[in-house]
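Reading through the C-alpha coordinates given below for one structure.
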Amino acid sequence: MADAKSYDLIIIGSGPGGYVAAIRASQLGMKVAIVERAELGGICLNWGCIPTKALLRSSEVFHLISHAKDYGLSVENPKALLDAIVKRSRGVATQLSNGVTFLMKKHKIDVLVGAARLEKGLPAPKVIVEKGKGEGTYTAKNVMLATGARAREIPDAGLKVDGKTVWAYREAMVPTEMPKQLLVIGSGAIGIEFASFYRTLGSEVTVVEALDRILPVEDAEISAFMLKQLGKQGVKFLTSAQVKSLKIDKGLATAEVTTKDSAKMLEADKVILAVGIVGNVENLGLEGLSVKVEKTHIVVDGLGRTNVPGLYAIGDVTGPPWLAHKAMHEGVIVVESMSGKAPSHKFDPWNVPGCTYSHPQVASVGMTEEKAKASGRKIKVGKFPFIGNGKAIALGEPEGIVKTIFDETTGELLGAHMAGEGVTELIQGYCIARQGELTEAELMETIFPHPTLSEMMHESVLAAYGRPLHI
(Lines give C-alpha, C1' and ligand atoms only; values in the text may rest on other atoms or scores of the structure.)
Protein backbone atom coordinates (compact mmCIF):
# COMPACT_ATOMS: atom_id res chain seq x y z
CA MET A 1 0.00 0.00 0.00
CA ALA A 2 2.86 2.36 0.80
CA ASP A 3 4.28 1.96 -2.69
CA ALA A 4 0.88 2.69 -4.23
CA LYS A 5 0.79 6.03 -2.40
CA SER A 6 4.30 7.11 -3.34
CA TYR A 7 5.07 9.03 -6.52
CA ASP A 8 7.88 10.80 -8.30
CA LEU A 9 5.65 13.82 -8.72
CA ILE A 10 2.29 14.91 -7.28
CA ILE A 11 0.64 17.91 -8.90
CA ILE A 12 -2.11 19.82 -7.10
CA GLY A 13 -4.48 21.34 -9.67
CA SER A 14 -5.44 20.02 -13.11
CA GLY A 15 -5.70 23.27 -15.06
CA PRO A 16 -3.60 23.79 -18.21
CA GLY A 17 -0.37 24.12 -16.25
CA GLY A 18 -1.02 21.10 -14.04
CA TYR A 19 -2.25 18.60 -16.60
CA VAL A 20 0.41 19.54 -19.19
CA ALA A 21 3.14 19.23 -16.56
CA ALA A 22 1.75 15.81 -15.60
CA ILE A 23 1.82 14.62 -19.21
CA ARG A 24 5.39 15.81 -19.76
CA ALA A 25 6.50 14.18 -16.49
CA SER A 26 4.92 10.89 -17.57
CA GLN A 27 6.68 11.12 -20.93
CA LEU A 28 9.95 11.44 -19.02
CA GLY A 29 9.26 8.23 -17.10
CA MET A 30 7.98 9.64 -13.84
CA LYS A 31 5.22 8.08 -11.78
CA VAL A 32 2.71 10.92 -11.54
CA ALA A 33 -0.48 11.75 -9.67
CA ILE A 34 -2.64 14.83 -10.05
CA VAL A 35 -5.06 16.08 -7.38
CA GLU A 36 -8.27 17.86 -8.41
CA ARG A 37 -11.22 18.88 -6.23
CA ALA A 38 -13.53 19.88 -9.11
CA GLU A 39 -13.48 19.26 -12.88
CA LEU A 40 -10.40 18.12 -14.75
CA GLY A 41 -9.04 20.95 -16.85
CA GLY A 42 -9.45 23.54 -14.11
CA ILE A 43 -10.96 26.98 -14.60
CA CYS A 44 -9.55 27.44 -18.10
CA LEU A 45 -11.27 24.51 -19.75
CA ASN A 46 -14.43 24.60 -17.65
CA TRP A 47 -15.06 28.23 -16.70
CA GLY A 48 -12.49 30.37 -18.48
CA CYS A 49 -10.54 30.29 -21.72
CA ILE A 50 -12.54 27.70 -23.66
CA PRO A 51 -16.21 28.36 -22.78
CA THR A 52 -15.73 32.13 -23.09
CA LYS A 53 -14.42 31.65 -26.62
CA ALA A 54 -17.50 29.58 -27.42
CA LEU A 55 -19.68 32.45 -26.18
CA LEU A 56 -17.68 34.98 -28.16
CA ARG A 57 -17.95 32.84 -31.30
CA SER A 58 -21.74 32.95 -30.95
CA SER A 59 -21.68 36.74 -30.64
CA GLU A 60 -19.33 36.96 -33.63
CA VAL A 61 -21.73 34.92 -35.77
CA PHE A 62 -24.63 37.06 -34.56
CA HIS A 63 -22.69 40.18 -35.54
CA LEU A 64 -22.10 38.80 -39.03
CA ILE A 65 -25.74 37.78 -39.46
CA SER A 66 -26.84 41.23 -38.29
CA HIS A 67 -24.68 42.74 -41.05
CA ALA A 68 -25.70 40.23 -43.71
CA LYS A 69 -26.70 43.00 -46.15
CA ASP A 70 -23.08 44.16 -46.25
CA TYR A 71 -22.23 40.78 -47.81
CA GLY A 72 -25.09 40.72 -50.30
CA LEU A 73 -27.22 38.41 -48.16
CA SER A 74 -30.69 38.67 -46.71
CA VAL A 75 -31.44 37.37 -43.23
CA GLU A 76 -34.74 38.31 -41.61
CA ASN A 77 -35.04 39.16 -37.92
CA PRO A 78 -32.03 37.33 -36.43
CA LYS A 79 -32.44 36.46 -32.75
CA ALA A 80 -29.95 35.50 -30.08
CA LEU A 81 -31.22 32.45 -28.17
CA LEU A 82 -29.41 32.89 -24.87
CA ASP A 83 -30.21 29.42 -23.49
CA ALA A 84 -28.88 27.77 -26.64
CA ILE A 85 -25.76 29.95 -26.63
CA VAL A 86 -24.97 29.01 -23.03
CA LYS A 87 -25.75 25.32 -23.70
CA ARG A 88 -23.32 25.25 -26.61
CA SER A 89 -20.62 26.88 -24.48
CA ARG A 90 -21.08 24.36 -21.67
CA GLY A 91 -21.01 21.51 -24.18
CA VAL A 92 -17.68 22.70 -25.54
CA ALA A 93 -16.29 22.89 -22.00
CA THR A 94 -17.49 19.36 -21.20
CA GLN A 95 -15.92 17.99 -24.36
CA LEU A 96 -12.53 19.51 -23.50
CA SER A 97 -12.68 18.36 -19.88
CA ASN A 98 -13.45 14.82 -21.06
CA GLY A 99 -10.44 15.14 -23.33
CA VAL A 100 -8.21 15.77 -20.33
CA THR A 101 -9.66 12.67 -18.65
CA PHE A 102 -8.64 10.67 -21.72
CA LEU A 103 -5.13 12.14 -21.67
CA MET A 104 -4.66 11.24 -18.01
CA LYS A 105 -5.59 7.62 -18.74
CA LYS A 106 -3.44 7.51 -21.86
CA HIS A 107 -0.36 8.65 -19.93
CA LYS A 108 -1.10 6.46 -16.89
CA ILE A 109 -1.45 9.45 -14.56
CA ASP A 110 -3.39 8.76 -11.35
CA VAL A 111 -6.18 11.24 -10.68
CA LEU A 112 -6.81 11.78 -6.98
CA VAL A 113 -10.20 13.42 -6.44
CA GLY A 114 -10.37 15.69 -3.41
CA ALA A 115 -8.95 18.78 -1.72
CA ALA A 116 -5.21 18.75 -1.03
CA ARG A 117 -3.17 20.21 1.77
CA LEU A 118 0.50 19.89 2.59
CA GLU A 119 2.38 18.80 5.70
CA LYS A 120 6.08 18.74 6.44
CA GLY A 121 7.95 15.84 4.92
CA LEU A 122 11.08 14.81 3.05
CA PRO A 123 12.28 14.90 0.32
CA ALA A 124 9.15 16.94 -0.36
CA PRO A 125 6.07 17.88 1.67
CA LYS A 126 3.46 15.15 2.24
CA VAL A 127 0.17 15.54 0.41
CA ILE A 128 -3.04 14.95 2.36
CA VAL A 129 -6.13 14.50 0.16
CA GLU A 130 -9.54 14.96 1.79
CA LYS A 131 -13.21 15.18 0.82
CA GLY A 132 -13.11 12.94 -2.23
CA LYS A 133 -12.47 9.51 -3.69
CA GLY A 134 -8.73 10.12 -3.53
CA GLU A 135 -8.64 10.50 0.26
CA GLY A 136 -5.36 9.49 1.81
CA THR A 137 -1.80 10.51 2.62
CA TYR A 138 0.68 10.52 -0.24
CA THR A 139 4.40 11.05 -0.57
CA ALA A 140 6.46 12.12 -3.55
CA LYS A 141 9.99 13.10 -4.51
CA ASN A 142 8.54 16.38 -5.76
CA VAL A 143 5.26 18.27 -5.32
CA MET A 144 3.99 20.93 -7.69
CA LEU A 145 1.32 23.52 -6.90
CA ALA A 146 -0.80 24.54 -9.89
CA THR A 147 -3.83 25.77 -7.97
CA GLY A 148 -4.53 28.81 -10.16
CA ALA A 149 -6.33 31.97 -9.15
CA ARG A 150 -9.79 33.52 -8.82
CA ALA A 151 -11.47 36.87 -9.32
CA ARG A 152 -10.41 39.63 -6.97
CA GLU A 153 -13.05 41.25 -4.77
CA ILE A 154 -13.02 44.54 -2.85
CA PRO A 155 -15.55 44.02 -0.03
CA ASP A 156 -14.96 47.45 1.56
CA ALA A 157 -16.40 49.10 -1.57
CA GLY A 158 -19.16 46.54 -1.94
CA LEU A 159 -17.34 44.86 -4.83
CA LYS A 160 -18.17 41.32 -3.77
CA VAL A 161 -19.69 38.59 -5.91
CA ASP A 162 -23.17 37.55 -4.81
CA GLY A 163 -23.87 35.33 -7.83
CA LYS A 164 -27.13 37.14 -8.61
CA THR A 165 -26.55 40.82 -9.32
CA VAL A 166 -22.76 40.95 -9.01
CA TRP A 167 -20.93 38.41 -11.16
CA ALA A 168 -17.41 37.17 -11.63
CA TYR A 169 -16.45 35.39 -14.86
CA ARG A 170 -18.17 32.16 -13.78
CA GLU A 171 -21.62 33.69 -13.38
CA ALA A 172 -21.15 35.85 -16.48
CA MET A 173 -20.81 32.69 -18.60
CA VAL A 174 -24.15 31.18 -17.64
CA PRO A 175 -26.70 34.02 -17.67
CA THR A 176 -30.36 33.04 -17.55
CA GLU A 177 -31.41 36.37 -19.05
CA MET A 178 -29.70 39.13 -20.98
CA PRO A 179 -28.82 42.15 -18.80
CA LYS A 180 -30.46 45.36 -19.95
CA GLN A 181 -27.88 47.56 -18.24
CA LEU A 182 -24.48 45.95 -17.61
CA LEU A 183 -21.67 47.53 -15.63
CA VAL A 184 -18.21 46.04 -16.12
CA ILE A 185 -15.61 47.05 -13.55
CA GLY A 186 -12.15 46.64 -15.05
CA SER A 187 -11.01 46.84 -18.67
CA GLY A 188 -8.40 44.12 -18.91
CA ALA A 189 -8.88 41.20 -21.29
CA ILE A 190 -11.67 39.59 -19.23
CA GLY A 191 -13.62 42.81 -18.82
CA ILE A 192 -13.34 43.77 -22.48
CA GLU A 193 -14.32 40.29 -23.71
CA PHE A 194 -17.51 40.28 -21.65
CA ALA A 195 -18.25 43.88 -22.60
CA SER A 196 -17.94 42.91 -26.27
CA PHE A 197 -20.07 39.77 -25.90
CA TYR A 198 -22.96 41.40 -24.06
CA ARG A 199 -22.95 44.56 -26.17
CA THR A 200 -23.09 42.54 -29.41
CA LEU A 201 -26.14 40.68 -28.09
CA GLY A 202 -27.94 43.87 -27.12
CA SER A 203 -27.02 44.92 -23.58
CA GLU A 204 -26.24 48.53 -22.77
CA VAL A 205 -22.68 48.29 -21.44
CA THR A 206 -20.58 50.69 -19.38
CA VAL A 207 -16.98 49.88 -18.51
CA VAL A 208 -15.21 51.57 -15.58
CA GLU A 209 -11.40 51.55 -15.54
CA ALA A 210 -9.23 52.91 -12.70
CA LEU A 211 -6.27 53.68 -14.97
CA ASP A 212 -6.19 56.34 -17.66
CA ARG A 213 -6.85 53.98 -20.58
CA ILE A 214 -8.55 50.69 -21.35
CA LEU A 215 -6.53 47.50 -21.86
CA PRO A 216 -3.76 49.14 -19.84
CA VAL A 217 -1.15 46.41 -20.40
CA GLU A 218 -1.37 46.87 -24.17
CA ASP A 219 0.48 49.40 -26.31
CA ALA A 220 -1.09 52.85 -25.86
CA GLU A 221 -1.87 53.12 -29.56
CA ILE A 222 -3.76 49.82 -29.49
CA SER A 223 -5.69 50.92 -26.40
CA ALA A 224 -6.73 54.13 -28.15
CA PHE A 225 -7.81 52.18 -31.24
CA MET A 226 -9.93 49.79 -29.17
CA LEU A 227 -11.54 52.64 -27.26
CA LYS A 228 -12.64 54.13 -30.58
CA GLN A 229 -13.84 50.85 -32.11
CA LEU A 230 -15.77 49.63 -29.07
CA GLY A 231 -17.19 53.11 -28.64
CA LYS A 232 -18.56 52.93 -32.19
CA GLN A 233 -20.37 49.75 -31.15
CA GLY A 234 -22.00 51.58 -28.27
CA VAL A 235 -19.83 50.52 -25.32
CA LYS A 236 -19.44 53.43 -22.89
CA PHE A 237 -16.19 53.95 -21.00
CA LEU A 238 -15.16 55.82 -17.88
CA THR A 239 -11.37 55.89 -17.44
CA SER A 240 -9.36 57.26 -14.51
CA ALA A 241 -12.47 56.32 -12.56
CA GLN A 242 -12.97 54.67 -9.18
CA VAL A 243 -15.98 52.75 -7.92
CA LYS A 244 -16.24 54.16 -4.42
CA SER A 245 -19.22 52.03 -3.46
CA LEU A 246 -21.57 49.47 -4.93
CA LYS A 247 -24.96 48.91 -3.33
CA ILE A 248 -27.60 46.33 -4.20
CA ASP A 249 -31.29 46.92 -3.60
CA LYS A 250 -33.98 44.57 -4.92
CA GLY A 251 -31.70 43.22 -7.64
CA LEU A 252 -30.61 46.64 -8.88
CA ALA A 253 -27.00 47.77 -8.49
CA THR A 254 -26.08 51.40 -7.88
CA ALA A 255 -22.41 52.33 -8.23
CA GLU A 256 -20.87 55.57 -7.01
CA VAL A 257 -18.17 56.35 -9.56
CA THR A 258 -15.72 59.22 -9.22
CA THR A 259 -13.40 60.65 -11.86
CA LYS A 260 -10.93 63.53 -11.71
CA ASP A 261 -13.67 65.99 -12.53
CA SER A 262 -16.92 64.54 -11.28
CA ALA A 263 -18.89 61.97 -9.32
CA LYS A 264 -21.88 60.13 -10.67
CA MET A 265 -24.24 57.31 -9.81
CA LEU A 266 -24.57 54.45 -12.32
CA GLU A 267 -27.39 51.93 -12.23
CA ALA A 268 -27.24 48.42 -13.65
CA ASP A 269 -29.16 45.19 -13.32
CA LYS A 270 -25.92 43.20 -13.55
CA VAL A 271 -22.32 43.95 -12.62
CA ILE A 272 -19.24 42.02 -13.72
CA LEU A 273 -16.14 42.29 -11.52
CA ALA A 274 -12.95 42.15 -13.59
CA VAL A 275 -10.55 43.98 -11.30
CA GLY A 276 -7.78 41.40 -11.27
CA ILE A 277 -7.23 38.04 -9.66
CA VAL A 278 -5.76 36.60 -6.48
CA GLY A 279 -3.84 33.37 -6.12
CA ASN A 280 -5.47 30.27 -4.62
CA VAL A 281 -3.10 29.86 -1.69
CA GLU A 282 -5.57 29.25 1.14
CA ASN A 283 -6.15 25.93 2.96
CA LEU A 284 -3.05 24.34 1.41
CA GLY A 285 -0.95 24.29 4.58
CA LEU A 286 1.53 26.78 3.17
CA GLU A 287 1.79 28.67 6.46
CA GLY A 288 2.89 25.55 8.33
CA LEU A 289 5.64 25.02 5.78
CA SER A 290 6.65 28.72 5.81
CA VAL A 291 6.22 28.91 2.04
CA LYS A 292 7.03 32.42 0.85
CA VAL A 293 3.90 34.16 -0.45
CA GLU A 294 3.66 37.78 -1.62
CA LYS A 295 0.35 39.48 -2.39
CA THR A 296 -1.43 36.09 -2.60
CA HIS A 297 1.13 34.67 -5.04
CA ILE A 298 3.75 32.01 -4.33
CA VAL A 299 7.30 33.23 -4.83
CA VAL A 300 9.37 31.03 -7.18
CA ASP A 301 12.67 31.23 -9.00
CA GLY A 302 13.07 30.88 -12.75
CA LEU A 303 12.54 27.11 -12.53
CA GLY A 304 9.41 27.05 -10.39
CA ARG A 305 11.20 26.28 -7.13
CA THR A 306 9.75 27.66 -3.92
CA ASN A 307 11.78 28.27 -0.76
CA VAL A 308 10.76 24.79 0.48
CA PRO A 309 12.80 21.81 -0.78
CA GLY A 310 10.90 19.57 -3.20
CA LEU A 311 8.02 22.04 -3.58
CA TYR A 312 7.39 23.78 -6.90
CA ALA A 313 4.70 26.13 -8.19
CA ILE A 314 3.61 27.23 -11.67
CA GLY A 315 0.91 29.22 -13.41
CA ASP A 316 -1.51 31.81 -12.07
CA VAL A 317 -0.74 31.07 -8.43
CA THR A 318 2.79 32.41 -9.02
CA GLY A 319 1.69 35.73 -10.50
CA PRO A 320 1.37 37.48 -13.87
CA PRO A 321 0.99 37.11 -16.72
CA TRP A 322 -2.14 35.14 -15.78
CA LEU A 323 -2.39 33.11 -18.97
CA ALA A 324 -2.98 29.42 -19.65
CA HIS A 325 -0.21 29.16 -22.22
CA LYS A 326 2.26 30.69 -19.78
CA ALA A 327 1.31 28.02 -17.21
CA MET A 328 1.69 25.22 -19.77
CA HIS A 329 5.10 26.47 -20.83
CA GLU A 330 6.26 26.82 -17.23
CA GLY A 331 5.03 23.34 -16.41
CA VAL A 332 7.11 21.75 -19.17
CA ILE A 333 10.27 23.72 -18.29
CA VAL A 334 9.95 22.95 -14.57
CA VAL A 335 9.32 19.22 -15.10
CA GLU A 336 12.23 18.88 -17.53
CA SER A 337 14.53 20.61 -15.06
CA MET A 338 13.21 18.52 -12.18
CA SER A 339 13.90 15.33 -14.09
CA GLY A 340 17.51 16.26 -14.75
CA LYS A 341 16.80 16.96 -18.41
CA ALA A 342 18.00 20.50 -19.11
CA PRO A 343 15.26 22.80 -20.38
CA SER A 344 15.59 23.64 -24.05
CA HIS A 345 15.33 27.32 -23.15
CA LYS A 346 14.71 29.53 -20.17
CA PHE A 347 11.32 31.03 -19.52
CA ASP A 348 11.16 34.58 -20.86
CA PRO A 349 8.04 36.54 -19.85
CA TRP A 350 8.61 38.95 -22.73
CA ASN A 351 7.94 36.07 -25.13
CA VAL A 352 4.50 35.32 -23.69
CA PRO A 353 1.80 36.53 -26.12
CA GLY A 354 -1.36 38.15 -24.83
CA CYS A 355 -4.72 37.82 -26.59
CA THR A 356 -8.12 39.48 -26.13
CA TYR A 357 -10.96 37.83 -28.06
CA SER A 358 -13.30 40.80 -28.34
CA HIS A 359 -14.52 42.24 -31.62
CA PRO A 360 -12.13 43.47 -32.86
CA GLN A 361 -9.47 41.20 -31.38
CA VAL A 362 -6.22 42.30 -29.74
CA ALA A 363 -2.91 40.43 -29.65
CA SER A 364 0.61 41.36 -28.59
CA VAL A 365 4.02 40.05 -27.64
CA GLY A 366 7.11 41.76 -26.25
CA MET A 367 7.60 45.40 -25.37
CA THR A 368 5.19 48.23 -25.99
CA GLU A 369 6.59 51.33 -27.68
CA GLU A 370 6.63 53.08 -24.32
CA LYS A 371 8.58 50.24 -22.67
CA ALA A 372 11.04 50.05 -25.58
CA LYS A 373 11.77 53.76 -25.35
CA ALA A 374 12.12 53.56 -21.57
CA SER A 375 14.72 50.81 -21.97
CA GLY A 376 17.07 53.38 -23.52
CA ARG A 377 17.19 51.77 -26.95
CA LYS A 378 16.94 53.60 -30.23
CA ILE A 379 13.95 52.08 -31.95
CA LYS A 380 12.24 51.84 -35.31
CA VAL A 381 8.45 51.52 -35.42
CA GLY A 382 6.40 50.21 -38.33
CA LYS A 383 2.62 50.32 -38.74
CA PHE A 384 0.25 48.98 -41.33
CA PRO A 385 -3.54 49.50 -41.44
CA PHE A 386 -6.05 46.79 -42.30
CA ILE A 387 -7.55 49.07 -44.95
CA GLY A 388 -4.42 48.50 -47.03
CA ASN A 389 -4.87 44.72 -47.08
CA GLY A 390 -6.96 43.04 -49.78
CA LYS A 391 -8.03 40.09 -47.61
CA ALA A 392 -9.23 42.37 -44.81
CA ILE A 393 -11.33 44.36 -47.27
CA ALA A 394 -12.75 41.17 -48.81
CA LEU A 395 -13.68 39.94 -45.33
CA GLY A 396 -15.48 43.19 -44.62
CA GLU A 397 -13.07 43.88 -41.75
CA PRO A 398 -11.06 46.94 -42.85
CA GLU A 399 -10.60 48.38 -39.34
CA GLY A 400 -7.37 47.34 -37.67
CA ILE A 401 -3.67 47.93 -37.25
CA VAL A 402 -0.42 45.96 -37.06
CA LYS A 403 2.51 47.58 -35.28
CA THR A 404 6.08 46.34 -34.93
CA ILE A 405 8.96 47.75 -32.87
CA PHE A 406 12.61 47.05 -33.63
CA ASP A 407 15.96 47.84 -32.04
CA GLU A 408 17.55 50.23 -34.52
CA THR A 409 21.06 49.01 -33.77
CA THR A 410 20.61 45.22 -33.78
CA GLY A 411 17.37 44.71 -35.75
CA GLU A 412 15.87 42.73 -32.85
CA LEU A 413 12.08 42.54 -32.86
CA LEU A 414 11.30 44.13 -29.50
CA GLY A 415 7.52 43.95 -29.70
CA ALA A 416 4.51 43.43 -31.92
CA HIS A 417 0.99 44.72 -31.33
CA MET A 418 -2.18 44.14 -33.32
CA ALA A 419 -5.88 44.90 -33.25
CA GLY A 420 -8.38 43.65 -35.81
CA GLU A 421 -9.90 40.52 -37.32
CA GLY A 422 -7.96 37.30 -36.68
CA VAL A 423 -4.98 38.84 -34.89
CA THR A 424 -5.05 36.26 -32.08
CA GLU A 425 -4.03 33.69 -34.70
CA LEU A 426 -1.50 35.95 -36.46
CA ILE A 427 0.52 36.87 -33.36
CA GLN A 428 2.22 33.48 -33.25
CA GLY A 429 4.32 34.46 -36.26
CA TYR A 430 5.93 37.22 -34.28
CA CYS A 431 6.29 34.91 -31.25
CA ILE A 432 8.35 32.54 -33.41
CA ALA A 433 10.43 35.47 -34.64
CA ARG A 434 11.21 36.54 -31.09
CA GLN A 435 11.93 33.01 -29.87
CA GLY A 436 14.18 32.39 -32.88
CA GLU A 437 15.89 35.76 -32.40
CA LEU A 438 15.14 36.76 -35.97
CA THR A 439 15.94 40.27 -37.12
CA GLU A 440 14.17 42.56 -39.57
CA ALA A 441 16.31 41.05 -42.36
CA GLU A 442 14.84 37.53 -42.01
CA LEU A 443 11.32 38.88 -41.65
CA MET A 444 11.66 41.06 -44.73
CA GLU A 445 12.97 38.13 -46.76
CA THR A 446 10.16 35.78 -45.66
CA ILE A 447 7.47 35.15 -48.26
CA PHE A 448 3.93 35.72 -46.93
CA PRO A 449 1.03 34.16 -48.87
CA HIS A 450 -1.39 36.33 -50.82
CA PRO A 451 -4.16 37.16 -50.19
CA THR A 452 -3.96 36.76 -46.41
CA LEU A 453 -4.13 38.93 -43.35
CA SER A 454 -0.58 37.80 -42.58
CA GLU A 455 0.74 40.04 -45.35
CA MET A 456 0.17 42.97 -42.99
CA MET A 457 2.80 41.49 -40.68
CA HIS A 458 5.30 41.71 -43.52
CA GLU A 459 4.19 45.22 -44.44
CA SER A 460 4.53 46.43 -40.86
CA VAL A 461 8.14 45.21 -40.76
CA LEU A 462 8.83 46.90 -44.08
CA ALA A 463 7.21 50.10 -42.82
CA ALA A 464 9.59 50.24 -39.85
CA TYR A 465 12.41 50.63 -42.36
CA GLY A 466 10.66 52.93 -44.79
CA ARG A 467 9.85 50.20 -47.33
CA PRO A 468 6.08 49.50 -47.21
CA LEU A 469 4.63 48.39 -50.53
CA HIS A 470 0.90 48.97 -50.13
CA ILE A 471 0.58 52.29 -48.29
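The values are calculated or read from the model by the stated rules, or taken from the named source; none is laboratory data. Everything numeric in this text was worked out from a predicted model, so none of it was measured. Using ideal geometry, Cβ is built from the backbone for each residue, glycine included, and neighbour counts are taken over all protein chains shown. Only protein heavy atoms, including side chains, enter the accessible area calculation; ligands, DNA and RNA are left aside. Shrake-Rupley method; radii C 1.70, N 1.55, O 1.52, S 1.80 Å.
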State whether the residues of the range 134-145 include one that is of a type outside the set (Ser, Thr, Tyr), more than 17 Å from residue 31 (Cα to Cα) and under 30 Å from the mean Cα position of the chain (by Cα).
no
Going through the range 278-293 in order, the residues found to be over 12 Å from residue 317 (Cβ atoms) and of a type in the set (D, E, K, R) are 287, 292
Answer yes if at least one residue in the range 72-82 is open to solvent by less than 50 Å² (accessible area, probe 1.4 Å) and either of a type in the set (A, V, I, L, M, F, W, C) or assigned to a helix (DSSP H, G or I) (or both), and no otherwise.
yes
One residue is enough: does the range 256-276 have a residue meeting the conditions among the β-branched types (Val, Ile, Thr), farther than 22 Å from residue 211 by Cα and either surrounded by fewer than 16 Cβ atoms within 10 Å (Cβ to Cβ) or in contact (Cβ under 8 Å) with a residue 24 or more places away in the chain (or both)?
no
Considering the range 1-30, residues that are more than 15 Å from residue 127 (Cα to Cα) and surrounded by fewer than 24 Cβ atoms within 10 Å (Cβ to Cβ), and then whichever is farthest from the chain's Cα centre (by Cα), we arrive at 1
The range 84-116 - residue that is in contact (Cβ under 8 Å) with a residue 60 or more places away in the chain and charged (D, E, K, R) and, of those, farthest from residue 48 (Cα to Cα)
108
Take the residues in the range 1-42 that are outside any loop (DSSP other than H, G, I, E, B) and of a type in the set (S, T, N, Q), then tell me which one is farthest from residue 96 (Cα to Cα).
6
Those residues that are within 30 Å of residue 226 (Cα to Cα) and either open to solvent by less than 40 Å² (accessible area, probe 1.4 Å) or within 15 Å of the chain's Cα centre (by Cα) (or both), I need them from the range 325-349; list them, please.
325, 326, 327, 328, 329, 349
Mind listing whichever residues of the range 153-172 are in a helix (DSSP H, G or I) and of a type in the set (Asp, Glu)?
156, 171
Specify which of the listed residues (141, 131) is open to solvent by 10 Å² or more (accessible area, probe 1.4 Å) and either within 30 Å of residue 381 (Cα to Cα) or in contact with a helix residue (DSSP H, G or I) (Cβ under 9 Å, 6 or more places away or on another chain) (or both).
141
Surrounded by fewer than 16 Cβ atoms within 10 Å (Cβ to Cβ), within 28 Å of residue 403 (Cα to Cα) and more than 22 Å from the chain's Cα centre (by Cα) - does that describe any residue in the range 204-227?
no
Restricting to the range 42-71, count the residues that are among the acidic types (Asp, Glu) and either crowded, with 16+ Cβ neighbours inside 10 Å or within 30 Å of residue 21 (Cα to Cα) (or both).
1
